[in-house]
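Asker: Structure below; questions to follow.
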Amino acid sequence: MRGRTKSGAEGFTLIELLIVVVIIGILAAIAIPQFTSTKEKAFDAAAQSDIRNLMTAEEAYFFNHQAYAAVTVAAGGGADLDGDGTRDFQASTNISLAVTAYTDGYRITAKHASSPNTWCVNSSGANASGAIGQIVEATSC
């Protein structure tokens with residue numbers, strides 16, 4: 001005897017495939033903006049980390065010279081604060097920084113090339129318009 005086969009075609013119908021495509025589209029619409037926001041937060045965290053590292057280098061420079069150094073650091077570049085030929089600070093990739101030196105402190109600004117935000121910290125009491133010693137968005141510094 002011969003075996004019988006099921007009648008009808010095997011596989012998915014067009015409606016079932018369309019429903020799966022719509023579900024995948026909805027999930028992508030939710031996930032992509034969340035991913036973009038997470039990337040921006042990571043870029044901002046890297047800029048803030050570079051500010052903290054440059055603050056440490058500025059304080060070490062002040063300890064030896066009783067003054068703060070005014071420098072501009074290109075994205076991924078380094079800074080020789082004391083002029084001895086060695087880098088006292090190395091910026092992360094795509095992050096540029098600038099230091100304005102005052103007699104009683106400094107102002108450091110940092111920006112990641114892929115983020116719309118600019119961050120700053122001000123340690124000078126006379127020249128601060130915002131919180132002293134806290135890293136904030138540049139509009140508040």
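Values in this text are rule-based calculations from the coordinates and carry no lab data. Keep in mind it's a predicted model, so treat the numbers as computed, not measured. As a convention, Cβ positions derive from the backbone with ideal geometry for all residues, glycine included, and neighbour counts pool all protein chains shown.
Asker: Can you sort Asp82, Asp104, Asp50 so the residue with the fewest Cβ neighbours within 10 Å comes first?
Answerer: Ordered from fewest to most neighbouring Cβ atoms within 10 Å, Asp82, Asp104, Asp50 come out as Asp104, Asp82, Asp50.
Asker: Compute the FRET efficiency between Phe12 and Phe35 as 1/(1 + (r/R0)^6), taking r as their Cβ-Cβ distance and R0 = 22 Å, and round to the nearest 0.05.
Answerer: It comes to 0.15.
Asker: Using only Cα atoms, find the angle between the long axis of helix 14-65 and the longest principal axis of the chain, and express it within 0 to 90 degrees, rounded to the nearest 10.
Answerer: Approximately 10 degrees, to the nearest 10.
Asker: Work the Kirkwood hydrodynamic radius out for the range 29-141: mean of 1/r over every pair of different alpha-carbon atoms, inverted, in Å.
Answerer: One decimal place: 14.5 Å for the Kirkwood radius.
Asker: Now, a different point. Over the C-alpha atoms of the range 33-85, what are the Rg and the largest Cα-to-Cα span, Dmax, in Å?
Answerer: Here Rg and the maximum Cα pair distance are 14.8, 48 Å.
Asker: Further, regarding this structure: With +1 assigned to the C-beta of every Lys and Arg and -1 to the C-beta of every Asp and Glu, and no other charges, what is the dipole magnitude of the chain about the Cα centre in debye, to the nearest 20?
Answerer: 1080 debye
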